Each structure stands twice: as structure tokens, then as C-alpha cells.
Amino acid sequence: MEAKPAAVSSQGAGASGRGRGHGNARVARTFSADWKHQSCNTGCWRGRRHGAAREACAAAGRDPGRGVRALAMEERPGHPRGDACCDPGQQKSCQTAGIATAEAYAQARTHADAQVQTEAPEPVAALPVSQQDSLRLAAFLRRVEAMVIRELNNNWQSHAFDGYEVNWTEPQQTVSCLHTLVYPPAQGQGLHVTSISWNATGSVLACAYGRLDDGDWSTLKSYVCTWNLDRQGLKPQQPSVVVEVPSAVMCLAFHPTQPSHIAGGLYSGEVLVWDAGRPEDPLLWRTGLTDDTHTDPVYQVLWLPEPRHSHRFQVLSAATDGRVLLWRGSGTGQLRLSKGFALAVQQLPRSTKLKKPPRGETEVGVTSVAFSSFDSSLFVLGTEGGFPLKCSLAAETAALTRIPSSVPLRAPVQFTFSPHGGPVYSVSCSPFHRNLFLSAGTDGHVHLYSMLQAQPLTSLQLSHKYLFAVRWSPVRPLVFAAASGEGDVQLFDLQKSSQKPTVSITQTHDGSPVYCLEFNSQQTQLLAAGDAKGTVKVWRLSTAFTEQGPRETEDLNQLEAEVAT
């Protein structure tokens, strides 16, 4: 079938046709040179249709010129119609528009046939089995049937391979240092890394700079720094964000769901919240210097979901002034007190054997906080007096304190545990057991407690100096880590030994204390630790500390039961 040429503009614009494949269409264009004047006798239009019209007129005895001219008048809009133009006795000319045509060729698909040789399926050969062999096989099966069934039952009841899983990844056999992060201006001021925290995605690490050995109110400028470890071209001595703070930062914590929000507690007693996503103006909220503000250094901050709105969070702060306070951000940039607790010596359970406090002192200084993973209202406090305290957010008893407050202060303590030989600097609740928690103190011991009894289940002597931090692993029920005043990080696997560390990592070669450490709950092979040299080291753990073994949770339950009896 012949393709009809397509009309295109006479102003010089091209027309093209594109077909499938790799060939290029060839385009031919024809344009009329100018307006043509044609005789009515010769017709106003040309083409096959006009030729057919002439033949029809001639056959009917009519003037073919008139018929063709009449057809042209009908097809051409605006042309005057009438017999005057088509009268054979008159000679007139009519003006026609220029005709522009284009011919386009499109590449068509081509088809090709090819023959493929196939092989006819061959019948599967079968060895002939004699009737005699079949009888022997049947006799053998009857003879061994009972024995095979008995062994299968024994295997089915065996626990030898319970929990066995094939490890398809290459195991990491050693603990290695991935990054050594420092901020030179903070090191130049002799500041310590007092606290570290991973953000919600596990890719950003924040550290607080301050001093833990300063015996007076610190007026030194300090810093909060963050590093994005997933960013290409990471510069260990150049943080992604640096926030200058007018007082030493004692603690910080990333928001559980907002990756850029950081809460911090200062030596001055203030609590602040920054947004690392806007480094030009990072401060979101602050408590300010009001009657509700802590009067002593803040040693712990945490984010807690609001009871009625789980997607909203409050900031919890704890300080050595004996108060645990909950703050809610406002539209004016202020943190407003929403709930508060106070610890008074006279309200502690009678079972606690306490030394007589100095005259005039009634508050119990709080140094650390840990919340249960199974009960959002249950938390454990570490204190300056050396004893851990079991507390509840649902407490209603009024606190016996003379500290002014805009909200009623409650007494949260429910139970007191046997004390350490010095202040408790860190507590950590097990993410795999509702009753177990760890505490670390200045006596160099880590105590494993059950919420159900006052005496520790076990006590581990890890250092002859202070222990500043202890944390349960987020993926291994029987693994925890502790930071010591001798410059090392000790990793324990209670499945292998309950008395000595499995691995001891040297953080500082000169024996400077390690003040803080945190596991990464998202990238579980990472552990970060900060020290008195102003350095943060990120360690890559071996697979022995990141892959849970079979029946490990059951072993943790059994450990509690055995030690308790």
C-alpha cells in the first residue's frame, strides 16, 4: 500500500518520520514556489479525484471542465461559488494556496526464520530387576525397619543441634579500631570526652566535651561535636557539626526518632536541646536559670515518650542536687517542667544501711539513670552514696524537700539495693531480661543485680581504679562492656566466663581514664568510647560479640536462677 505524503508547513519547518530500529528516516519535501494562477478551463485542483470526475462528466455528456472546477470550489474554503467561474464561455483565473507535501519513510521490522536442531528425547534406561532381588530387598527392609525407626526417634528427641544456624558471612575474628575522632580546640583546652551518643540511624556519633575532675563551677567554653561516619571523605579531626556551649557539657543523648536532635546537661545545672541539622542556630530549647533548674551538675539526660502521646518525647534530667525532672519543649524556646521527683534520705527504705549524712544534707545525689526495656515506668538510679535505687514514674508520695518547684515533687524510690564501696557512676538495664541490671562504681566492681533482691547476684572486680561506665550489648544477652580508669574497655561474655573479661581493649596507651562508652544499636558491630585525652575511638567488634548463640536467652535466665539459689 502506497503511503500518502504528509503535508508540512511552507515556512521552512521540516517534517520527519521516525521508525523503530536503528535506521534513519529519509524525508523529502516539496514546496510550491509561489502562488499559481490557473485557468478555470484547466481546473482549479489536480489529482486523482479530479481525473475521475472528468471521466464521469464526459460519460454523462456534461462539460468535464465544469465538473472539475465545481469540485475544486467545494474543496477550497472561501472560494466564490457559482456558474460565473465555471462557465465554459468565460476565461477567468483563480488563485490557489501553495501545496506542500512531504514523503517520509519509516524503517519496518524485519523478520528472519532460522532452523534449530533438536534432539528427540531418549527413553530413560532402567536396569532390569529380577524377582529374586525384589524379595531379598523386601526382606532386608523388614529386618532393619524397627532399628531405623528407633534411631530416627532418638535423633528427633536430641537437642544436640538446637538453634544451629549456618553462618554464610565471613567471621570477624578480632576487635579493631575503625576511627579515632578528635576536635583539636577541645584537646587544646584539656577537655575530656564526658559523654557520647549514637543517633537514631546509627550513622552519626555525638560527643560532649567537659571535665569530670573539676572541683569548682566550670566557666570554660566547651563543645558538642558530631561526626557522620557514613559520609565519604570523613575527616577525623573535623567534625560535621560543632556547637559551642558556655559551660562544660556533662552528658548528652540523641532523640530516639529525630536524628538531628540532641539533649544535653551542663555543669551549671541547665538542660538544653540542640538541632544539629541547623548549625547556624542549633539551640531549640533551654531550661534557663529558674527555680526549677537544677542547682548541681546534670549527670544524665534521656528522652522519654509521653504517656498519652507515644510520638512525643520529654527530656529527663538527673543531677546531684537529688532531683529527677521531666521537661517539655514549648513554642517560646523554653523547656518547661512537667513532672519532678526528689530523693530525700529520710524517705529511703529502712533496709538501707546508710552512713549518717553530713549535717543539713537531706538530698541523695543522682549520678546515673537506666530505664527498664519491659516497663516504661520503672527505672534504676545510681547515687553518690553507692547504692542503686529502684524507682517508679508512677509514684504519688510527696517528697520531703524544701527545694522550690513549680510542680509537686514526688518520692520515686521503691527499693534499695546493697551498695558499692563508692559512688555508682553507671547503671544499665538488660534488654533481654526484665529483672536484671548492671552497676559500676568507683570501687572498680561491676555488680549484677536482680530487681527482686537486694544483694547482687555476682560481683566482678574489673579494675583497681574507678569504673566510669557499663553497658549491656543490644544483641548479645550475655555480653556487656565496661570503661575503666586504667585506660581500657573490657568486654565480657558470661557464656564463656563470669570472672574475667573475654577481651580487654586498650583505649589510651598512657592509662588515661575512659569515661564513657556506647554500643550502636543499628550497626551492632560498632562500639564507641571516649576518654580523658579528648579522643573518641570507634571499635569494630568481632562476630563473637555480635552474633547471638543458641539458647543464649535461656542461659541468661538459668544464670539468674542458679546464682539466686
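Go through (1) buried (at least 19 other Cβ atoms within 10 Å of the Cβ); (2) more than 24 Å from residue 226 (Cα to Cα) one by one and return the number of the condition residue 297 breaks.
It is condition (2) that residue 297 fails.
Residue 521 - would you say it is surrounded by fewer than 19 Cβ atoms within 10 Å (Cβ to Cβ) and either polar (S, T, N, Q) or assigned to a helix (DSSP H, G or I) (or both)?
Working: surrounded by fewer than 19 Cβ atoms within 10 Å (Cβ to Cβ): yes; either polar (S, T, N, Q) or assigned to a helix (DSSP H, G or I) (or both): yes.
It is true that residue 521 is surrounded by fewer than 19 Cβ atoms within 10 Å (Cβ to Cβ) and either polar (S, T, N, Q) or assigned to a helix (DSSP H, G or I) (or both).
Show the residue pairs meeting these rules: Cβ distance below 7 Å; 6+ apart or different chains; first residue within region 405-423 and assigned to a strand (DSSP E or B); second residue crowded, with 19+ Cβ neighbours inside 10 Å and of a type in the set (Phe, Trp, Tyr).
Correct list of pairs: 409/341; 410/341; 416/387.
Do you know which residues across region 320-333 are touching a Ser or Thr at 6+ places or on another chain (Cβ under 8 Å) and of a type outside the set (Lys, Arg)?
Selection gives 320, 321, 322, 324, 325, 326, 327.
Given the criterion crowded, with 20+ Cβ neighbours inside 10 Å and either free of Cβ contacts under 8 Å to residues at least 12 places away in the same chain or in contact with a helix residue (DSSP H, G or I) (Cβ under 7 Å, 6 or more places away or on another chain) (or both), identify the matching residue among 209, 267.
Answer to the selection: 209.
Which pairs turn up if I take residues in region 306-327 that are within 16 Å of residue 395 (Cβ to Cβ) and look for partners that are part of a strand (DSSP E or B) and at pLDDT below 90 with beta carbon separation below 7 Å, at least 6 apart in sequence or on another chain?
322/363
Does region 382-396 hold any residues that are more than 19 Å from residue 337 (Cβ to Cβ) and in contact (Cβ under 8 Å) with a residue 40 or more places away in the chain, and which are they?
The answer is 382, 383, 384, 386, 388, 389, 390.
The values are calculated or read from the model by the stated rules, or taken from the named source; none is laboratory data. Computed from a prediction, not measured in an experiment: that's the story for all the values here. Using ideal geometry, Cβ is built from the backbone for each residue, glycine included, and neighbour counts are taken over all protein chains shown.
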